[in-house]
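Remarks on the structure that follows.
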Amino acid sequence: MHEASHLGSPRGPRPHLRKLSLYAARPALLATGLALAVLALDLRAPHGIGVPFLYVVVVVAALWSPRERFALAVALGVTALAAADLLLSPGTHIGGVSSVHHALAVAAVWATAILVYRHKVVERSLLHEEAEAQAYLDVAAVAILVLDREGRVSLVNQRGCEILGLEAREILGQPWVDTFVSEKHRDRTRQALRQLVRGEVAPDPKRTFENLIRTRSGEERLVTWRRTVLRDARGNVAATVSSGEDVTERREAERRLRAQESLANMGQLAAVVAHEVRNPLAGIRGAIQILSKRMPEGEDREVMAKIVERVDTLNALTEDLLVYARPHAPELASVRLEDVLGVARRLLAGHADLAAVSVEVSGADVTLQADEKMLQDVFLNLLLNAAQAMKGEGTVRVAVHAGTESVQVDVEDEGPGIAPEARERLFEPFFTTRHQGTGLGLPIVRRDVEAHGGDVAVTFPEGRGTRVTVSLPLRQHEPG
C-alpha cells in the first residue's frame with residue numbers, strides 16, 4: 001500500500017523545489033564565507049584594529065535570504081565566532097581594547113540582525129497584502145489599470161491582460177497611450193490623462209468615456225472607462241486608476257438592432273416606392289426613348305439620352321432599395337468559392353466601361369455552406385466598387401485565405417483610396433463617394449455576409465488602394 005501511494009510521482013526532489021532550495025542556500029553560503037574571511041582577518045590583524053565590526057556586513061547579507069529568521073541565525077553564529085576569536089587570539093585579555101571591540105561589534109551585529117529581521121517581516125507582510133490585492137483585482141469582471149504620472153502602466157489585472165491578449169510583464173512599464181490606444185483616440189486620451197494628473201479636472205468615477213485599444217493581434221476593441229486618481233501624502237496626484245469594460249460586442253449588437261429596426265421601416269417605404277415610383281419610371285423612360293427617335297441628330301437628342309441615363313440611375317437606386325429593405329434568409333448549400341468568384345468576374349467583364357480592368361484570384365479553392373446567389377452578388381458588388389475606384393483601369397487582386405473553421409477573402413484595388421473623413425461612413429445606407437452611386441452597395445454586402453454568420457472589414461494599405469476583407473464560416477452552426 002505504501003508503494004502504491006507513490007505511483008505516478010517522480011522519485012527524488014522535484015525540479016522547482018530543488019531550484020528553491022539552491023536559491024535559499026546561496027545567502028547561507030555567502031554569509032558563511034564572509035564570516036570565515038572576517039575571522040581569518042581578525043586573527044591576523046594587530047590588536048586594536050576594529051576588524052570585528054566587519055561582521056555587520058555578514059548580517060546584511062541576510063537581506064538576500066527568503067527566510068525571515070536567517071539574520072538572527074547569522075547573528076548567533078557571528079557571536080560564536082567573535083567569542084572563538086577572543087579565545088584563539090594570543091595575548092588577548094578581558095577588558096582590553098580587543099575585547100571591547102568584539103563586544104561592541106557583537107552589539108552592532110545584533111542591532112543590525114534585529115533591523116534586518118523586522119525588515120523581512122514587513123516585506124513579507126507587504127508581499128502578502130500585494131498578492132491578496134492582486135487576487136481581488138484578478139477576479140474583477142472589468143479591466144483595472146493604474147498609470148503613473150508619466151502615463152506608464154504600473155498595474156494591470158487579469159481581465160486587462162485578456163483584453164489586450166498579453167502577459168502582465170509585457171504591459172507593465174509601457175507608455176499606455178502610445179502603445180495600446182488606437183491612433184485616432186490618442187490625442188484625446190492623452191489630454192484627458194494630463195488634465196487629471198495636473199488637477200485641472202476633478203476626477204468623477206461616475207463619468208464614462210470610450211476609446212479604442214489595440215490588442216496583440218492588431219484588432220481594435222472598444223472599451224468604456226471610469227477614472228479616478230491616487231494622491232500622495234501631500235495631496236498631489238501620484239497615479240490614475242481606471243476600470244474598463246470591453247463593449248465591442250455590445251456596440252455591434254446595438255448597431256445590428258438599429259439596422260434591423262431601420263430595415264423594418266425601410267421595408268414599408270420600399271413597398272410604396274416600388275408601387276409609386278418604379279412603374280412611372282418605366283413609362284417615363286419609354287416615352288423619352290420614343291421622342292428621342294423622332295428627333296433629328298443634335299443637342300436635343302443628347303439631352304434625351306442624358307434624361308434616360310438619369311432615369312436608369314434612379315431606377316437602379318429603387319432596385320437597390322428594394323433589395324436592401326427586403327432581406328431574406330440565405331438558402332444554404334455546398335458552394336465552391338472558386339465558382340462564385342468566377343461568375344462575379346464574368347459579370348464584371350460584361351460592363352463595357354470596365355473592360356480594361358483585370359481580376360487576379362489567388363489562394364486555394366474552398367467549399368462552404370452558403371447561398372450561392374447572395375455570395376455572387378456580394379463579390380460582384382466588391383469587384384464593381386474596386387473597378388470603379390480605379391476609373392476602369394488596373395488590376396483587382398482577390399486573395400483567398402482558408403482556415404480550419406472560416407475562410408477570408410481579400411479584395412484589393414489600386415485606386416487612390418478613400419478620404420479619412422469618409423472611412424467611418426462606408427457602411428451607412430445612402431452614403432457614397434461616387435457621383436452616380438446609390439450608397440447601398442456596401443450596406444447590402446455587409447448585410448448578406450452577416451446573414452451567413454460572417455463579417456466585413458475595410459482597411460487601407462500604406463500608399464494607396466483599399467482592401468475589403470470578407471470572413472465567412474465554412475460550416476453553418478445549427479441554432480440551439
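The values are calculated or read from the model by the stated rules, or taken from the named source; none is laboratory data. Remember, predicted model here, so these are calculated numbers, not experimental data. All Cβ positions, glycine included, derive from the backbone under ideal geometry; neighbour counts span all protein chains shown.
General remarks:
- Residue within the range 240-252 that is polar (S, T, N, Q) and at pLDDT below 80 present: no
- Residue pairs whose Cβ atoms lie under 9 Å apart, separated by 6 or more positions or on different chains, with the first residue in the range 432-446 and on the phi > 0 side of the Ramachandran plot and the second hydrophobic (A, V, I, L, M, F, W, C) and modelled with pLDDT under 80, are GLY439/LEU317; GLY439/PHE430; GLY439/PHE431.
- Residue in the range 401-408 that is acidic (Asp, Glu), over 30 Å from ALA282 (Cα atoms), assigned to a loop (DSSP other than H, G, I, E, B) and touching a residue at least 60 places away in the same chain (Cβ under 8 Å) present: yes
- VAL357 being without any contact (Cβ under 8 Å) to a residue 40 or more places away in the chain, assigned by TED's automatic domain parsing to the domain that holds ASP410, aliphatic (A, V, I, L, M) and buried (at least 19 other Cβ atoms within 10 Å of the Cβ): yes
- Unmet criterion (only one of (1) at pLDDT below 90; (2) buried (at least 16 other Cβ atoms within 10 Å of the Cβ); (3) not in a helix (DSSP H, G or I)) for GLN388: (3)
- Restricting the range 278-300 to residues that are under 60 Å from the mean Cα position of the chain (by Cα) and not hydrophobic (A, V, I, L, M, F, W, C), the residue that is nearest to ASN315 (Cα to Cα): ARG278
- LEU383 satisfies every condition listed in (1) surrounded by fewer than 22 Cβ atoms within 10 Å (Cβ to Cβ); (2) of a type in the set (A, V, I, L, M); (3) within 11 Å of SER358 (Cα to Cα) except (1).
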